[in-house]
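> Have a look at this one before I ask anything.
The values are calculated or read from the model by the stated rules, or taken from the named source; none is laboratory data. Since this is a predicted model, take the numbers as computed values, not measurements. FYI the Cβ positions are ideal-geometry reconstructions off the backbone, even for glycines, and counts take in every protein chain you see. These area figures cover heavy atoms from the full protein model, side chains too; ligands, DNA and RNA do not enter into them. Shrake-Rupley method; radii C 1.70, N 1.55, O 1.52, S 1.80 Å.
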Amino acid sequence: MMRLKKIIFTIGFIVVFILAYHYSPYKIEHVGQRNKVWAYRVSTIEKIDFIQNHYQGMEIDVMFDSERQKLQVKHPNVDCPPIDLKLFLNTLNENKIDGIWFDLKNLHIGNAAEFSNHLGKLTQDFKLKKIVESPNIESLQFFRDKDFKISYYLPGSFDEDAETLASTIKLIKNHLDEFEVDFLSAEMNKYQLAKQHFPNQSLLFWSPRGTFHSEYFIDSWNRNRILNDPKVEILLVRVDFDSGC
């Protein structure tokens, strides 16, 4: 009976530890580089206080509604209610975080001027680092004179056949020759290729998989390696604050 109780206690302790580690913002692989760790895809106001107390910054998905002339916190492929960006930003405490990464989901050359003007006005008094990201490198140039850092989201899957990959890399390099950017950004599985083909660029990455993923330990090792790269300025990590958006 005592042996059974010990087994049950041990299993219970392991389960509690795993759950606590899953929800904890303090991961072993972040030790020594927490200044680079920002929260990935923040989409609810309820998360903001928690994130501001435990992360250096946050990434939010933003879409521009040209008909209503409004900016919204929204991802086109995620079934969550949109939030007015002004309301979202009004809840921030600039003394607690270093910056915001705006992932501009529907930026294109046709709305770039309006998009940049609206976002520029909403954030003109911010003393935070402000990053805008999009695969549309030409449209990002409209944000250059509004105190934003520019991040070019690398196009292509990077797991293409050799010929297609070479064509993708050539396209990216042509874009970089024509337009100025501060960073290149990508999911962290593109780290090696980004380092190989763009060794002089400052880099931003995100890690969308959580602790319950089957490859968590491999991801954990890779996150630590990426964080310790001096060319990498930010790594976004998933925040499992709740089961909703």
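> I need the full set of residues from segment 80-121 which are polar (S, T, N, Q), open to solvent by less than 30 Å² (accessible area, probe 1.4 Å) and not in a helix (DSSP H, G or I), in order please. Write out each step before concluding.
Residues of segment 80-121 that are polar (S, T, N, Q), as a first pass: 90-91, 93, 95, 106, 111, 116-117.
In the following step, the residues that additionally are open to solvent by less than 30 Å² (accessible area, probe 1.4 Å) were identified as 111, 116.
Once the filter is applied, which keeps residues that are polar (S, T, N, Q), open to solvent by less than 30 Å² (accessible area, probe 1.4 Å) and not in a helix (DSSP H, G or I), segment 80-121 yields only Asn111.
> Does Leu140 satisfy the criteria of being out of contact with any Pro (no Cβ under 7 Å at 6 or more places or on another chain), more than 29 Å from Asn93 (Cα to Cα) and hydrophobic (A, V, I, L, M, F, W, C)? Step through it out loud before you land on a result.
On the way: out of contact with any Pro (no Cβ under 7 Å at 6 or more places or on another chain): yes; more than 29 Å from Asn93 (Cα to Cα): no; hydrophobic (A, V, I, L, M, F, W, C): yes.
Spelling it out, it is not the case that Leu140 is out of contact with any Pro (no Cβ under 7 Å at 6 or more places or on another chain), more than 29 Å from Asn93 (Cα to Cα) and hydrophobic (A, V, I, L, M, F, W, C).
> Now a separate question. Name the one entry in Arg225, Arg238 that is modelled with pLDDT under 95 and out of contact with any Gly (no Cβ under 6 Å at 6 or more places or on another chain).
Numbers: Arg238 fails: out of contact with any Gly (no Cβ under 6 Å at 6 or more places or on another chain).
Only one candidate passes the filter, namely Arg225.
> Would it be correct to say that Asp125 is surrounded by fewer than 20 Cβ atoms within 10 Å (Cβ to Cβ) and without any contact (Cβ under 8 Å) to a residue 12 or more places away in the chain?
It is true that Asp125 is surrounded by fewer than 20 Cβ atoms within 10 Å (Cβ to Cβ) and without any contact (Cβ under 8 Å) to a residue 12 or more places away in the chain.
> What number of residues within segment 72-101 satisfy the criterion of being among the aliphatic types (A, V, I, L, M) and over 27 Å from Lys36 (Cβ atoms)?
Restricting attention to segment 72-101, the residues satisfying the condition of being among the aliphatic types (A, V, I, L, M) are 73, 78, 83, 85, 87, 89, 92, 97, 100.
Those still in the list that are over 27 Å from Lys36 (Cβ atoms) too: 87.
Adding up the residues that qualify gives 1.
> Only one of these conditions is not met by Glu59: (1) charged (D, E, K, R); (2) modelled with pLDDT under 95; (3) open to solvent by less than 50 Å² (accessible area, probe 1.4 Å). Which number is it?
(2)
> Right, another one. Of everything in segment 161-189, what is surrounded by 13 or more Cβ atoms within 10 Å (Cβ to Cβ) and not in a helix (DSSP H, G or I)? Give them in sequence order.
Answer for segment 161-189, where residues must be surrounded by 13 or more Cβ atoms within 10 Å (Cβ to Cβ) and not in a helix (DSSP H, G or I): Phe179, Val181, Asp182, Phe183, Leu184, Ser185, Ala186, Glu187.
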